[in-house]
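This report refers to the structure that appears directly beneath it.
The values are calculated or read from the model by the stated rules, or taken from the named source; none is laboratory data. Owing to the predicted nature of the structure, the values given are computational and were not obtained by experimental measurement. Glycine gets a Cβ as well: all are built from the backbone with ideal geometry, and neighbour counts include every protein chain shown.
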Amino acid sequence: MFVDTAKIKVQAGAGGDGAVSFHREKYVAAGGPDGGDGGRGGSIILQTDSSLSTLADFRYKRSYKAARGNNGEAGRRSGKSGVDLIIRVPVGTLVREAESGAVMADMSGKEPFVLAKGGRGGWGNTHFATPVRQAPRFAKSGAPGESWEVMLELKLLADVGLLGFPNVGKSSLLSSVSQAKPTVGDYHFTTLSPVLGVVSLGEGTSFVMADIPGLIEGASDGAGLGHAFLRHVERCRMLIHVLDAAGSEERDPIEDFEIINGELASFHPDLVHLPQIVAANKIDIASEEQLARLREYCKRKDLQYFEICAPIAMGTRELINAAAATLASLPPVKQYEPEPVPQKEIAIGQFEASEEDGGYFVEAQWLQRLLNRVDMDDYESLQYFQRVLQTSGIMDELFSLGLKEGDTVHVAGFEFEYIP
């Protein structure tokens, strides 16, 4: 079964907890802290797989969770990081954040994409030793991993898309010019899923052609199969519009051409600007008057026009050569740029601030989530974090405890030096 959309939930692994431990050795009366750090949680990674052609596997499994990092151990031994979970998807899969619809990644190449990062491991008590506090009896818990609910949307990567009403000969054309073997039959909706074929012109020149099924009037509103497959036209660099020149089903090919282009415009306005070549099929049963009318229409519209009989490959070589020449002047297959995903506001709640042995400590569960988002190497991100400390009342509470310039502040496992 061809499935080109799926919604899944992913949860990266949490980091392991830091250890509270003290060095123990014969003849060493008071060993220092030696608790190791927790390991990083496993991440969720997407990887393209050319052997996959649909998202059908995601119908049966919709939730993915990576392994947690191991806890730290005595002797300054860090916990083992959690194993990353690799999810394989077809080439051409778009990844969107489910709630906002923002594009997170376009899986069109071979590069993997880290969809959800594993949580940082917690610090062992070794990190909290100071000249004043030489035996810290606490460590930090591991940070939770990222979690997302995402929509996977497959948009096939094809240079040329075949358009046309059912039973006009698209599948016959594809099978005639490529090694693809789509189902060919004299009835509507013979093709129930997009079919890709590689058209070779020799000397290393080739391009990918896709048979887009199910386009009829009302396709952009869900009629026929078009609503499900119009998305696959979006990546095409150009289109070949196949018409039944003979009007063998008592349809007017010119009217068919205008209806299909209207559906493209309704689905996405940019699609009508794709270069189109008209392929008038079934010329073996069309009259000269019918062909002359089509030629005149395409001439007025300034469209490239070719007359073919797809089952016997009549005229198909000229059509394919023209398509290849048009492709040579067009940009590559469209790729989508990642978009910023709107960040959900983190509710500022209760916190605990304390002073111990000359250091200041702030604890709050919401602060941990906030720090998971903050990039300490990015100025704007760090400024945002500082504003939260101010607006939440944390800084006021620290000042009341005696915080002054040069003092050390510990916030959810991070250590800062206060500089006014």
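Details
Okay, residues lined up against (1) crowded, with 22+ Cβ neighbours inside 10 Å; (2) over 14 Å from Ile8 (Cβ atoms):
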{"position": "Gly101", "(1), (2)": "no, yes"}
{"position": "Gly109", "(1), (2)": "no, yes"}
{"position": "Gly118", "(1), (2)": "yes, yes"}
{"position": "Ser147", "(1), (2)": "no, no"}
{"position": "Gly164", "(1), (2)": "yes, yes"}
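- Any hit, region 88-99, residues being of a type outside the set (Phe, Trp, Tyr), at pLDDT 95 or above and either farther than 28 Å from Ala158 by Cα or over 13 Å from the mean Cα position of the chain (by Cα) (or both): no
- So Val168, is it in a strand (DSSP E or B), modelled with pLDDT of 70 or more and crowded, with 20+ Cβ neighbours inside 10 Å: no
- Tally of residues being surrounded by 19 or more Cβ atoms within 10 Å (Cβ to Cβ) and either closer than 30 Å to Trp123 by Cα or not aliphatic (A, V, I, L, M) (or both) across region 1-10: 2
- Subset of region 264-277 (residues that are out of contact with any strand residue (DSSP E or B) (no Cβ under 6 Å at 6 or more places or on another chain), outside any loop (DSSP other than H, G, I, E, B) and surrounded by fewer than 23 Cβ atoms within 10 Å (Cβ to Cβ)): Ala265, Ser266, Phe267, Pro269, Asp270, Leu271, Val272, His273
- A residue that is in contact with a strand residue (DSSP E or B) (Cβ under 8 Å, 6 or more places away or on another chain), acidic (Asp, Glu) and within 30 Å of Leu319 (Cα to Cα) occurs somewhere in region 157-166.
- Of residues in region 23-54 being in a strand (DSSP E or B) and under 46 Å from the mean Cα position of the chain (by Cα), the one surrounded by the fewest Cβ atoms within 10 Å (Cβ to Cβ): Gln47
- Annotation note: Cβ proximity below 8 Å between a residue of region 19-33 that is in contact (Cβ under 8 Å) with a residue 12 or more places away in the chain and a residue that is among the basic types (Lys, Arg) and not in a strand (DSSP E or B) (sequence gap 6+ or interchain) occurs for Val20/Arg137.
- Looking only at region 120-133, and only at residues there that are of a type in the set (A, V, I, L, M, F, W, C) and surrounded by fewer than 22 Cβ atoms within 10 Å (Cβ to Cβ), the one that is modelled with the highest pLDDT: Ala129
- Residues located in region 379-420, provided they are of a type in the set (D, E, K, R) and surrounded by fewer than 15 Cβ atoms within 10 Å (Cβ to Cβ): Glu380, Arg387, Asp396, Lys404, Glu405, Glu415, Glu417
- In region 53-74, the residues that are within 16 Å of Leu154 (Cβ to Cβ) reach residues that are acidic (Asp, Glu) and surrounded by 16 or more Cβ atoms within 10 Å (Cβ to Cβ) with C-beta atoms within less than 8 angstrom, at least six apart or across chains, in these pairs: Thr54/Asp4; Leu55/Asp4.
- Remark: Arg235 matches the filter, which requires a residue to be part of a loop (DSSP other than H, G, I, E, B) and of a type in the set (Lys, Arg).
- For beta carbons closer than 9 Å, sequence separation of 6+ or different chains, a first residue in region 249-273 that is closer than 18 Å to Arg300 by Cα and a second that is of a type in the set (Lys, Arg) and not in a helix (DSSP H, G or I), the qualifying pairs are Phe257/Lys301.
Rundown of residues vs (1) in the same structural domain as Gly109 (by TED's automatic domain parsing); (2) touching a strand residue (DSSP E or B) at 6+ places or on another chain (Cβ under 9 Å); (3) modelled with pLDDT of 85 or more, yes/no style:
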position: Thr316; (1), (2), (3): no, yes, yes
position: Gln335; (1), (2), (3): no, yes, yes
position: Val341; (1), (2), (3): no, yes, no
position: Ser354; (1), (2), (3): no, yes, yes
position: Asp378; (1), (2), (3): no, no, no
position: Val388; (1), (2), (3): no, no, no
position: Ala412; (1), (2), (3): no, yes, no
position: Phe416; (1), (2), (3): no, yes, no
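- All positions within region 112-128 that are farther than 23 Å from Pro340 by Cβ and among the β-branched types (Val, Ile, Thr): Thr126
- Pair list, Cβ < 6 Å and 6+ apart or interchain, from region 119-136 residues that are assigned by TED's automatic domain parsing to the domain that holds Gly31 to residues that are hydroxyl-bearing (Ser, Thr, Tyr) and part of a loop (DSSP other than H, G, I, E, B): Gly122/Ser141
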